[in-house]
Each structure stands twice: as structure tokens, then as C-alpha cells.
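Here it is, the structure, as C-alpha cells.
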Amino acid sequence: QVQLVESGGGLVQAGGSLRLSCAASGSIFSINAMGWYRQAPGNQRELVARITSGGSTNYADSVKGRFTISRDNAKNTVYLQMNSLKPEDTAVYYCNLQARIAPGWKFIDYWGQGTQVTVSS
């Protein structure tokens, strides 16, 4: 089984910063990518940032220049540094892992339980 443990959410004032962490553990053979998605009430889940095993990153336009995704491959951990937070960043943030648990298997998406980020104005 694969487990994702998220931490770092909370309440912050506009302009503030938060850092999210997500540690993956379990029967992981290889990882394709890790990332963060978010879902605000009434909205669909959307990609925030993603980083591949090779280090390539992509970001939602709304967070470019404010958020930075990074990864510790040795620890199977992904981080999201969020600066200059805005009230519209308020959402539940979900960690995503694309991994396979055995050679030749497809990459499968795994999700964390979600962590709430609330930005007050």
C-alpha cells in the first residue's frame, strides 16, 4: 500500500506564507511525478504545481511567481512553499503521487487526505 501524509496547512493573513509537505511511503517501486492540487468549495479540483522525477516543474498561472514546488527524492517528499498568499488561494490542498508499485506496472495516481489552507483578508 502507498500512503501520503500531508502537513503544513493552516490559517494565514493575506500576504503571508505557508509551507506544505507531503511524505510518501509504502510499496513504491518508482515515482513519475508528485504535485499539489487544490479544491475550493463549489469548484473543481485544479492543479497547483507538479514536479517530475527529473525535476521539471509546472505551475498554475494563478500561482506562478508566488509558489515554489520542490522535492526530496531520497525521502519521497514534496514541498510547496506558498508566498504572498491571497484570499483566493483558500482551499483544501491535496498531495498527488504518480507511482508504480512494481516493474512494468502502470503509473497510478495516489492522493493525500487534504490539508486546509485559509487566507484571511
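Around Cys22, under 14 Å between beta carbons, what's the net of Lys plus Arg minus Asp minus Glu among the other residues?
Result for the local shell: +2.
Right, next: Per residue of the range 81-90, in order, report the coupling 6.51 cos²θ - 1.76 cosθ + 1.60 (Karplus, θ = phi - 60°) as ³J(HN,Hα) in whole Hz, putting x for Gly and Pro.
8, 10, 10, 6, 5, 10, x, 6, 7, 4
Share of the chain's accessible area from carbon and sulfur, percent, 1.4 Å?
About 47 percent, which is the carbon plus sulfur part of the accessible surface.
While we're on this one: Could you work out the Rg to Rh ratio of the range 39-108, with Rh taken as the Kirkwood radius (inverse of the mean 1/r over all Cα pairs)?
When Rh is taken as the Kirkwood radius, the ratio is 1.01.
Going highest first, how would you order 72-79, 86-93 by mean Cβ packing within 10 Å?
Ranking, from highest mean packing down: 86-93, 72-79.
In sequence order, what are the phi-derived ³J(HN,Hα) couplings for the range 33-43 according to the Karplus relation 6.51 cos²θ - 1.76 cosθ + 1.60 with θ = phi - 60°, rounded to whole Hz, with x for glycine and proline?
7, 10, x, 10, 10, 9, 9, 9, x, x, 10
What does the net charge come to around Thr90 if you take all other residues with beta carbon closer than 15 Å to its beta carbon, with K and R at +1 and D and E at -1?
+1
To continue, here is another question. When N is the residue count of the range 1-83, what does its C-alpha Rg come to as a fraction of 2.2 N^0.38 Å?
1.12
Which of Val92, Ser27, Leu80 sits closest to the plus end of the dipole of the chain, meaning its Cα is farthest towards the positive end, when Lys and Arg get +1 and Asp and Glu get -1 on the C-beta?
About the Cα centre, the residue reaching furthest to the positive side is Ser27.
Between Arg45 and Gln1, what length comes free when the chain is fully extended (0.36 nm per residue of separation minus the Cα-Cα distance, one decimal in nm)?
Going from the current span to full extension adds 13.4 nm.
How high is the relative contact order of the chain? Use alpha-carbon pairs under 8 Å, at least six apart in sequence, and give a whole percent.
This gives 35 percent for the chain.
A follow-up question, please. Quick one: net charge of Asn32's neighbours, Cβ under 15 Å, K/R +1, D/E -1?
For residues surrounding Asn32, the net value is +3.
Over the chain, give the accessible area per residue in Å² for a 1.4 Å probe, as an integer.
52
The values are calculated or read from the model by the stated rules, or taken from the named source; none is laboratory data. As the structure is a computational prediction, the values presented were derived from the model and not from experiment. Cβ atoms come from the backbone with ideal geometry, glycine included; neighbour counts cover every protein chain shown. Quick note on the areas: whole protein, heavy atoms, side chains included, nothing else; ligands and nucleic acids left out. Shrake-Rupley method; radii C 1.70, N 1.55, O 1.52, S 1.80 Å.
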